[in-house]
Every structure is written in structure tokens, then in C-alpha cells.
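Read the structure below first, then the notes.
Laboratory data are not the source of any read-out in this text; all were calculated from the coordinates shown. Note that the structure is a prediction, hence the values are computed from the model and not measured. Glycine gets a Cβ as well: all are built from the backbone with ideal geometry, and neighbour counts include every protein chain shown.
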Amino acid sequence: MTDMTTMTGGEALVASLAAHGVEVAFGIPGTHNLEIYKHLPAHGVRHVSTRHEQGAGYAADGYARTTGRVGVAIVTSGPALLNAATAVGQAYSDSIPVLVVSPGLPLRHPATGNGLLHETRDQQAAMAAVAAASLRPTSVAEIPTAVAQAFSIMTSGRPRPVHLEVPLDVLEESAEVALVAPVLAAPAPAPEASVAAAAAMLASATAPVVLVGGGARGAAAQVRALAERLGALVVSTTNGKGVLPEDHPLALGAGIHLPAVEALVDESDVVVAVGTELAPADLWYGALPVAGKLVRVDVDPVGMLTNATPTVAVLGDAALALDALLGAIGPGEPARPDAGAWRERKAKDAQAEGAEWLDVVAALTAAVPRDVVMATDNAMACYLGTLANLATHTPASYLFPTGYGTLGFGLPAGIGAKVGNPDRPVVAMLGDGGVMFTVAELATAAELRIALPVVVVDNSGYGEIRNEMAERRDPVHAVTFPAPDFAALGRSVGCHGVTVDLGRDGTPADLTTAVRDALVAERPTVIHVRMPHDVSREGGAR
């Protein structure tokens, strides 16, 4: 702890954030959080003003995913905090360390309420339902400890988001405060017996497979070394995309749900799953056949036993566990002679699934550099198109809202990624339906004057739901609608705007040029990609 200093609760909060290395916060000032905002400049915390609190949460998420640091959003009480709750739920689903800070009702607020501005009966309970924890310090002196506790929760074990609520009256009060130094969490090593048991399984393996999830992002070097040592093919979940560069001879890339991956796992004799829930949100068509041959490496003891029971459970930090396993399995094996055939088989599945979007994928592939960050949305062009067909080569380079499955994530997440990585190319990619959830953040990007291509792929509404209605033989309605002129909309808020109409005279080469130009522009560029389509209007079917 440091020397005692007299501070308000708001300053104690900001000083504590700065002491934990926070340099950037996303958010919106409001009547109840002004005592927080007052102290941000003096403590060196840059503020990025979003246009909606959900956008602030997603931007903090994109910042955290790509920097490896905690992303921070500061919002006001009541409706503002609940606007951010969806982003917190998404961060929980994807194991992202996001801290959302808000005011709360005063300590002695009447139990039945009195109509105070933004009064919410129990916003802590609301946030506890979507975050790992909702903390509420009840004195100025307690604030530094609460901040340190929040960071400990977010940065040890499995990362999760936290909500920190400071009562309105505590924010304004002054008291003597001692800042609390960050608690440095040591990564947990795996038990030697588990490592030995895993090594014994792998010693006799002739066709091993490695499955990597988001929990392997900090173990990219070890995943590569293990794959090369075993001659094992590597498949990733959405959040594990790029852990092994997707042009590596042993990399099959993302798309763990594809039929070729199920066949590969079925014919394998050992499956090593690193940092993945093996979740239904990744395995769209059912669980993989891993029974009796699964070595599971995970830092989360609950996640270790979720969705599939391991034959050998290796509990600990992925990098440390794989280092230990590499030390125990002996010399290397030759690369699988059938690696190329499996890569081709899986690629064919991916291309068949994403056929409608392959022109867009090809155009992006030609436009983006190797180190690009793709901030994507829950859009068909992303999860059917780019997920398994556009190669990425570094961990946390494909941002997607898995599990919770929110819409509107891609644009603000791309802003957060660019703020955290100003010298790295970032592309935001969304559908015409999803982008409308957070389209106001175009104004945020324009204010920041960042080079951010915002690719909006327009298939005239909610294409996935339209297809599901038709497949169920339900009336097809409420899912098809004309999009605005997104290029003009972008220009109206200070972005560049370009339209590429692939249904008329536009070509994939036009899209490639537009994205290349946007990556070096002096402001964001909205690229409206109109897709050819055969949907009818309300009441029809595909």
C-alpha cells in the first residue's frame, strides 16, 4: 500500500485505475458519474466517447482482446449501465477481462425508492447475472481495495468481466485513502501426474489432433511446438482462430463444426483440447467424437468438465501446461503425410458452406495484410464466410461474439482494437441488420479519425432468420427490409463512403480496392457491399 492521501471517492477510483495500468477508458459522461470524469485527465487516463453505452462495452472488449489488457468502460447509473449489460454478457461468454464502472444508489437510499434520477431497484443484481462479479465499495477508503479485487478476478484464472459500482454519495465524499498495488497473479502450473498421464497417451498416438480455443491465445508458441513435435493437425474454435498461423502445413484453421473436422476427430487416436469449452456455439451440429481419447488442458476446473469428460485432465495455465507436456513427450514425429488431404477436405466444406460469400472473402483476402485484425459481427458473411475461409495468422486477430451471440459487436469492437493497436490494420465487418444496432459508433470512429474500413455486407435483412423461417415452413415475415444507403450515412457523420454493388456492375476487385484504400485513409470508410440475392419481400420464401 502507498501513503495516505485525501481524495474524493471519484478521484480514489480513477487513481486506482491508473495504478493498475489503465490508460484508456471508453464511455459516456452523465449526471451521476461526473466526479469520476473530473479526475481522468489528471491521472493520465484517455477517454474515448462512444455514442451508446453498449458501444462502450464492445469497444472495451475489442481493446482487451487485442492488447491482452483489461478494457474499461465508464457509464452512468440505471439505463446507461443496463445498456452496457449486453456487452458485459458477451465478454463473459468469450472470457474477456472487461471492467464496467458505474455509480450506484446512495448508501442510505430509501429501500422502496423515491424517484431519484436513473433509480434502479437493484442494478448490482442485474449486473451480477451477466458478469463474474458486481462489487460495491461502501466507503472512500474501500475503493482502492475494490479496484484491486476486480483486477484480481479479471486477470487470474479464466478471464471474466467485472462490474464495479460506487454509491453516488461515496463518489463525492472525501477521505484519507491509500492506493492498493496490483496483485500479481502467477500462472498456475499443471500437476506433474496429469502431465505424465497425458504424455503417456500421446506416446503411442499415431494420429493425434489438437483443438485450440480462446484459452490457447497466450500459448501460441507452445501450440505450434506441440503440433510440430507430434505431427498433429490443429483445428481452432472461433476464438482460437490464428493461434497457429493458418498457412502452417499442420493448420486446418477455424470451423470446428465442419463435417471434415468431425471425420478427422473420429479417426484420430488422441485429441488434445487446449483452452476450449467445446461449446455448442462452436459445434453447431453436435458434439465431436472424443470419448475415451480426450486430453483436456484448461485453467478452469468447471470448464474442464463441461460438454466433454476428459480421459486426462491437465488443469493449469495453457502455456505452462504445454511446456511441461513438451518436456515429457520426447523427440519429434514426422508431419502427417495426409495433412494436405485433410486441409483440402476441410477447405471444401468451408467453401460449400460459405459459397454465397466467397467473392467477398476473396476480395478481403487480397486486400488485408497478414497482421490484420478482423472485428466481425454475428452476420452470415462472417460466420459462414470469413470464419473458415479467410486466413488469419496471429492470436486474437479474429474478433467475433460467440456464445452470447450479440449483434452490433463488430463496429465498436473494431474501434476498441484500433485504439489499442493504432499501428495495426483493423477491419470491421458486419451485416446490414446487425450494424444498425450500433451504427451510431460511426460517429465515434469519425471523431477519432482512425483508418478503419467498415464493411457492411447487405443481404436485405436478417438472412439467417429468414432462412430458418423458410426451413420451418413458417410465414416468412419481419426479416426482409431495405437497407439505408450506408455509404451516404457514413459520409453524413464524417466518414468516407463507398458502395460496391456485387448484384449489378460491382466486382470483387472493386471491394479489394476499397478496403486497401480505407486501410490508409485519414478517416474511417464505410464500404456498403450490396449482395445479389433472391429473397422475396414479406410473405414470401427463398
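Numbers below:
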{"item": "Mean ellipticity per residue at 222 nm, deg cm²/dmol - from DSSP H runs of n ≥ 4 across the chain, formula -39500 (n - 2.57)", "result": "-10000 deg cm²/dmol"}
{"item": "Reachable lysines, given that their alpha-carbon falls under 24 Å from the alpha-carbon of K418 and they are not under 8 places away in the same chain", "result": "K241"}
{"item": "In Hz, Karplus ³J(HN,Hα) per residue of the stretch 382-391 (6.51, -1.76, 1.60; θ = phi - 60°; x = Gly, Pro)", "result": "8, 7, 9, x, 6, 3, 9, 10, 9, 6"}
{"item": "Sequence-separation-based contact order of the chain, relative, with Cα cut under 8 Å and 6+ spacing, percent", "result": "13 percent"}
{"item": "For I96, I143, I329, order by how many other beta-carbon atoms lie within 10 Å, fewest first", "result": "I329, I96, I143"}
{"item": "Percentage relative contact order, the stretch 5-177, counting C-alpha pairs under 8 Å, at least six apart", "result": "29 percent"}
{"item": "Scattering profile of the stretch 5-177 at q = 0.14, 0.20 Å⁻¹ [log10 I(q)/I(0), Debye over alpha-carbon scatterers]", "result": "-0.63, -1.37"}
{"item": "Share, in percent, of DSSP beta bridges within the chain that are antiparallel, nearest 5", "result": "10 percent"}
{"item": "Separation between Cα centres of the stretch 178-232 and the stretch 65-86, rounded to whole Å", "result": "31 Å"}
{"item": "DSSP beta bridges in the stretch 5-177 [antiparallel fraction, %, rounded to 5]", "result": "15 percent"}
{"item": "By average C-beta atoms within 10 angstrom, highest first, the peptides 444-451, 162-169", "result": "162-169, 444-451"}
{"item": "Nitroxide proxy distance, nm - points 7 Å out along Cα→Cβ at H43 and A185", "result": "2.1 nm"}
{"item": "Cut-off under 5 Å, modelled amide H: who pairs with V180 long-range", "result": "none"}
{"item": "Average projected area [Cα convex hull, the stretch 354-530], square nanometres", "result": "9.8 nm²"}
{"item": "Taking the stretch 405-494 and dividing mean pair separation by its residue count, relative contact order in percent (alpha carbons under 8 Å, at least six apart)", "result": "28 percent"}
{"item": "Per-residue Cβ neighbour rank within 10 angstrom, fewest leading, L519, L322, L364", "result": "L519, L364, L322"}
{"item": "Pairwise centroid distance, computed over Cα atoms, of the stretch 450-481 with the stretch 488-515, Å", "result": "19 Å"}
{"item": "Spatial separation of Cα centroids for the stretch 389-440 and the stretch 147-169, in angstrom", "result": "24 Å"}
{"item": "Sequence-distant residues sharing a close amide H with V426 (under 5 Å, placed H)", "result": "V373"}
{"item": "Mean Cβ count within 10 Å, highest first, over the residues of peptides 80-89, 185-194, 231-240", "result": "231-240, 80-89, 185-194"}
